[in-house]
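The structure appears below as structure tokens.
The values are calculated or read from the model by the stated rules, or taken from the named source; none is laboratory data. Worth saying up front: this structure is predicted, and the values here are computed from it rather than measured. Heads up, the Cβs are rebuilt from the backbone with ideal geometry, glycines too, and the neighbour counts pull from every protein chain shown.
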Amino acid sequence: MNEKNYKVPRLFVTTNLNEKDVITLDESQAHYLNNVMRRKNGDNVRVFNGRDGEWLGTLQNAAKKKADLVLDECLIEQTAPAFKRHLYFAPIKKFNMEWMIEKAIELGVSDLHPVLTQNTQNRKLNVERINQQIIEASEQCERLTIPTLRNIVKIEALKTDKMQFLACLERKNGELLANMDRNQDLSIIIGPEGGFTEQEKAYLLKNCNNISLGNNILRAETAAIKALSILCD
């Protein structure tokens with residue numbers, strides 16, 4: 001990609017992307033380009049859809065609430081990570097959870113799985129807001145794929161594969177995560193504020209691979225990011 005294109009606005013779209021196609025941006029995207037970024041007809045915009053790579057287009061028919069984009073060339077061919085990284089997490093306080101999700105996306109998480117535990121404090125998720133955050137973070141960090149937000153499930157309903165499902169259990173002397181074989185799809189589960197109950201720990205020890213993030217006891221969001229920084233390296 002030409003270095004100058006890195007400063008061109010980048011948007012996620014759902015339509016297929018092919019050379020010379022004309023795509024209509026939604027109202028919020030048109031508002032962003034016209035009123036926030038002050039773009040006008042003839043300016044460039046980058047778009048991606050998670051399937052067809054990243055494309056450079058030319059803005060036309062720009063108005064207050066509408067804009068079209070003519071696709072000129074594919075800048076980056078579509079690629080995907082060799083392995084999936086699933087983050088299972090108990091929803092935590094709003095600000096901390098938004099920070100955790102943003103950083104998880106930047107690090108390369110593929111799927112986000114909210115889990116209800118006994119000590120879960122935040123039991124009502126704003127799914128629409130989280131999905132919007134996922135898109136915004138993916139646009140900003142320039143990844144080509146969009147992570148998937150899965151439906152919230154109770155911890156006892158998890159379907160686990162002991163070889164690929166890793167549980168971060170404090171004070172349980174698990175194997176260091178850095179020593180795990182990372183050449184496979186992996187899922188990691190992080191506890192809530194207040195930690196897992198003893199019953200939940202027993203369930204996870206039976207059904208998951210117990211791992212350690214080190215000697216320190218970490219906040220939920222810190223544990224998630226430390227784990228993903230190792231898994232996605």
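Summary table below
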item	result
Residue that is nearest to residue 209 (Cα to Cα), among those in the range 143-162 that are surrounded by fewer than 16 Cβ atoms within 10 Å (Cβ to Cβ) and touching a strand residue (DSSP E or B) at 6+ places or on another chain (Cβ under 7 Å)	162
Residues being in contact (Cβ under 8 Å) with a residue 60 or more places away in the chain, surrounded by fewer than 20 Cβ atoms within 10 Å (Cβ to Cβ) and either at negative phi or among the hydrophobic types (A, V, I, L, M, F, W, C) (or both) - total across the range 83-110	6
Residues being of a type in the set (A, V, I, L, M, F, W, C) and over 20 Å from residue 135 (Cβ atoms) - total across the range 1-33	2
Matching residues, the range 111-153, being part of a helix (DSSP H, G or I), in contact with a Ser or Thr (Cβ under 9 Å, 6 or more places away or on another chain) and touching a residue at least 40 places away in the same chain (Cβ under 8 Å)	138
Subset of the range 175-233 [touching a helix residue (DSSP H, G or I) at 6+ places or on another chain (Cβ under 7 Å), closer than 24 Å to residue 153 by Cα and assigned to a helix (DSSP H, G or I)]	200, 203, 221, 224, 225, 227, 228
Failed criterion for residue 72 (all others in (1) surrounded by fewer than 16 Cβ atoms within 10 Å (Cβ to Cβ); (2) among the acidic types (Asp, Glu); (3) assigned by TED's automatic domain parsing to the domain that holds residue 141 hold)	(3)
Residue count for the range 170-213, restricted to those that are without any contact (Cβ under 8 Å) to a residue 60 or more places away in the chain, under 16 Å from residue 230 (Cβ atoms) and not β-branched (Val, Ile, Thr)	12
Cβ-Cβ under 7 Å pairs, at least 6 apart or on other chains, the range 4-16 side in the same structural domain as residue 29 (by TED's automatic domain parsing), far side exposed (fewer than 11 other Cβ atoms within 10 Å of the Cβ) and outside any loop (DSSP other than H, G, I, E, B)	none
Residue check, residue 192 within 13 Å of residue 117 (Cβ to Cβ) and either at pLDDT 95 or above or not hydroxyl-bearing (Ser, Thr, Tyr) (or both)	yes
Selection status of residue 49, under 26 Å from the mean Cα position of the chain (by Cα), surrounded by 13 or more Cβ atoms within 10 Å (Cβ to Cβ) and either on the phi < 0 side of the Ramachandran plot or among the aromatic types (Phe, Trp, Tyr) (or both)	yes
Test for residue 211: is it within 26 Å of residue 95 (Cβ to Cβ) and buried (at least 18 other Cβ atoms within 10 Å of the Cβ)	no
The listed residue being under 22 Å from residue 200 (Cβ atoms) and not assigned by TED's automatic domain parsing to the domain that holds residue 23, out of 159, 103, 94	159
